[in-house]
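Student: First, the structure itself, so that you have it in front of you.
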Amino acid sequence: MSSYDDWNAGIIAEFRANEGRVGGRFEGAPMVLVHHRGRKTGRELVTPMMYLPDEHDSDTIYVFASKAGAPTNPAWYYNLTTAGTGEIERGTHTYPVTVEELTGERRDHIYAEQARRYPGFAEYARRTDGVRTIPVLTLQRA
């Protein structure tokens, strides 16, 4: 297991032990565990990530394939967009979701709001400027 996998495992354990809350650099941030299947391996995977709740629909959240500003998209992005579905643990509830990628002005508006609330996302966008546009996915309760 890589140190990244170990780090994720620690976040997942803390999330589950504390009813969806974690500390450290994520303290106070909305967190979700996203379950997805590897498109190549078929393995069930769980990835912790920050999200932005939709301001009008409590069954909709947005996640950001930032990969901390790396030049490539994270594997989970491809897994979710290929499948079009997944499952999330949000707080103490687990439920299936549909996946849709946002584009254009809607994507830009949602990403800008996340960057306003969490400036690290603005830095990720600066790192990827001219390389890639960070995808924004809508996860909606199925």
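Computed from the coordinates by the stated procedures, all read-outs in this text should not be read as laboratory data. In this text, all values refer to a predicted model and were calculated from it rather than measured experimentally. Quick reminder, even Gly has a Cβ in these numbers, built from the backbone with ideal geometry, and neighbours come from all protein chains shown.
Student: Direction-averaged shadow area of the convex hull around the Cα atoms of region 1-61, nm²?
Tutor: 5.3 nm²
Student: Further, regarding this structure: Kirkwood Rh, Cα Rg: Rg to Rh for region 37-84?
Tutor: Details: Rg = 12.3 Å, Rh = 12.2 Å.
Expressed as Rg/Rh, it is 1.01.
Student: Can you tell me the convex hull volume per residue for the chain, based on C-alpha atoms, in Å³ to the nearest whole number?
Tutor: So the per-residue Cα hull volume is 116 Å³.
Student: Still on this structure: Over the chain, what is the mean sequence separation of C-alpha contacts under 8 Å (at least six apart), divided by residue count, expressed as relative contact order in percent?
Tutor: 25 percent
Student: Only four residue types carry charge here, +1 at the Cβ of Lys and Arg and -1 at the Cβ of Asp and Glu. Report the dipole size of the chain about the Cα centre in Debye, rounded to the nearest 20. Before the final figure, lay out each step's value.
Tutor: Values: 17 positive and 19 negative charges, 86 e Å.
Computed about the Cα centre, the dipole is about 420 debye.
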